[in-house]
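Everything below concerns the one structure shown next.
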Amino acid sequence: MPALTSLAFLFAIVFKSSKTGPTPPLLQMECTSSVYLPTFHMGSSFFLWLFLIFSVIFSPVSAKHSVTWTYGVNYGRIANNLPQPESVVTLLKAAKINHIRIYDADHGVLQAFKRSGIEIIIGLPNEYLKEISIGEDRAMNWVQENVQSFLPDTRIRGIAVGNEILGGTTIELWEVLLPAAKNVYSALYRLGLQHTVEVSSPHSEAVFANSFPPSACIFRPDVAPFMKPLLEFFSQIGSPFYINAYPFLAYKNDPQHIDINYALFKDNRGIYDAKTKLHYDNMFEAQVDAAYAALDKAGFSKMQVIVSETGWASRGDPDEAGANVKNARTYNRNLRKLLAKKKGTPFRPKMVIKAYVFALFNENLKPGPTSERNFGLFKPDGSISYDVGFTGLVPSAAPPSILVSFKEIAGQGWLRWSYLLVSTAWAVVLL
């Protein structure tokens, strides 16, 4: 267990730790370690050591917000067998996952993530867009209740206004997306939170007319009149373009013409984009660069693309090609390796790729084909669904006295286990 290891070493090494206001001008215009070895004096330093022990146990996972990150996970909860949010925090810390997205602003989740150090993008669900778009007062109430009241202990770093609105079938939501986003930003500005909490809106591949080769990608003609003003607003407030990119869906829809190895980051011939003279050896980067190309043509060449969802189903219906555990493991393991390099794409080599994997758990109540319920990296008990480099909370081999199950931590709380860890650490020192 990482916490126990840290406690044992703590006695040998100590680490130095280094309102409502005016309408934002934008909306007025538009809308009316270093290390040292200490001398050990157990008797005189008891309280210092005790403080350091608890600092390790309860220390936040992530560093400052400015530190470059590349890997996050979507925490969906359309299921009836998932662990409590407090246990999810434990799981994420064990896996060293420091960035997540949720699809609402559930107070139980936000409360559980207090002082965890994990950075969260919350969601303003589609069903609220019309109401929020009507007036700034409604947006202000929502932001105060679901964002301001949890800051700064819960690291809310973004609000996703709607999900896959443009290009979707509910046309009336296309019209209210921009007003809703502006009202949310206005509320953040009035509360002085505009530099802490980002406003964005994730899109599906349905916003594009075509995406092959990547340089040919453009926004759909019927989407463009709604997309361009939204991009103008996001450009002015410094928000990136979020896209849900799924090589799995592309392969599933056309397995006869897409090389499975190209979709899974495995050795393959790849594709050559004659216009840019760039070669792509995996579909994921091609999809990201297709989004960059569409932004380029729309006049937003400096806007960053972040992948808000990507993943591979471990199970599917008979007609869902490629949906199996082997492919899911291969895709997610190779994606994690790619993101760990902290590099850009062929078309935007200086723009580090960032992505949120879908999803943390399988969601057994999601409607649709079988694949929709089988994207999870972890099982509800905290064990891994398949090996992509995470250990989970249920190791296959560990001494019974050290192995603590996921449900035990959730049911009995951190206080009791903190006491156990402290006692064990002292025993190590005395021995």
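Within region 221-242, the residues that satisfy the criterion of being more than 25 Å from the chain's Cα centre (by Cα) and surrounded by fewer than 16 Cβ atoms within 10 Å (Cβ to Cβ) are 221, 222, 225, 228, 229.
Please go through (1) assigned to a helix (DSSP H, G or I); (2) among the aliphatic types (A, V, I, L, M); (3) open to solvent by 20 Å² or more (accessible area, probe 1.4 Å) for residue 193 and return the number of the only condition it doesn't satisfy. Residue 193 satisfies all of (1) assigned to a helix (DSSP H, G or I); (2) among the aliphatic types (A, V, I, L, M); (3) open to solvent by 20 Å² or more (accessible area, probe 1.4 Å) except (1).
Is it the case that region 45-68 has a residue that's open to solvent by 20 Å² or more (accessible area, probe 1.4 Å), over 18 Å from residue 363 (Cα atoms) and modelled with pLDDT of 95 or more? Within region 45-68, none of the residues are open to solvent by 20 Å² or more (accessible area, probe 1.4 Å), over 18 Å from residue 363 (Cα atoms) and modelled with pLDDT of 95 or more. Residues in region 96-110 that are aliphatic (A, V, I, L, M) and open to solvent by less than 10 Å² (accessible area, probe 1.4 Å) were compared, and the one that is nearest to residue 128 (Cα to Cα) is 102. Answer with yes or no whether residue 365 is farther than 30 Å from residue 296 by Cα and either acidic (Asp, Glu) or open to solvent by 40 Å² or more (accessible area, probe 1.4 Å) (or both). Spelling it out, residue 365 is indeed farther than 30 Å from residue 296 by Cα and either acidic (Asp, Glu) or open to solvent by 40 Å² or more (accessible area, probe 1.4 Å) (or both). Residue selection: residue 261 satisfies the criterion of being over 30 Å from residue 198 (Cα atoms) and either modelled with pLDDT of 95 or more or open to solvent by less than 40 Å² (accessible area, probe 1.4 Å) (or both). For region 139-161, the criterion of being among the polar types (S, T, N, Q), closer than 30 Å to residue 209 by Cβ and open to solvent by 10 Å² or more (accessible area, probe 1.4 Å) is met by no residue. Any chance region 168-176 includes a residue that's more than 25 Å from residue 99 (Cα to Cα), open to solvent by less than 50 Å² (accessible area, probe 1.4 Å) and in a loop (DSSP other than H, G, I, E, B)? Yes - at least one qualifying residue is present in region 168-176.
From the list 317, 289, 296, the one residue that fits, being outside any loop (DSSP other than H, G, I, E, B), among the acidic types (Asp, Glu) and surrounded by fewer than 20 Cβ atoms within 10 Å (Cβ to Cβ), is 296.
The values are calculated or read from the model by the stated rules, or taken from the named source; none is laboratory data. Please read all numbers here as calculations on a predicted model, not as lab measurements. Cβ: placed from backbone, ideal geometry, glycine included. Neighbour counts: every protein chain shown. Protein only, heavy atoms only, side chains kept; ligands, DNA and RNA dropped before computing areas. Shrake-Rupley method; radii C 1.70, N 1.55, O 1.52, S 1.80 Å.
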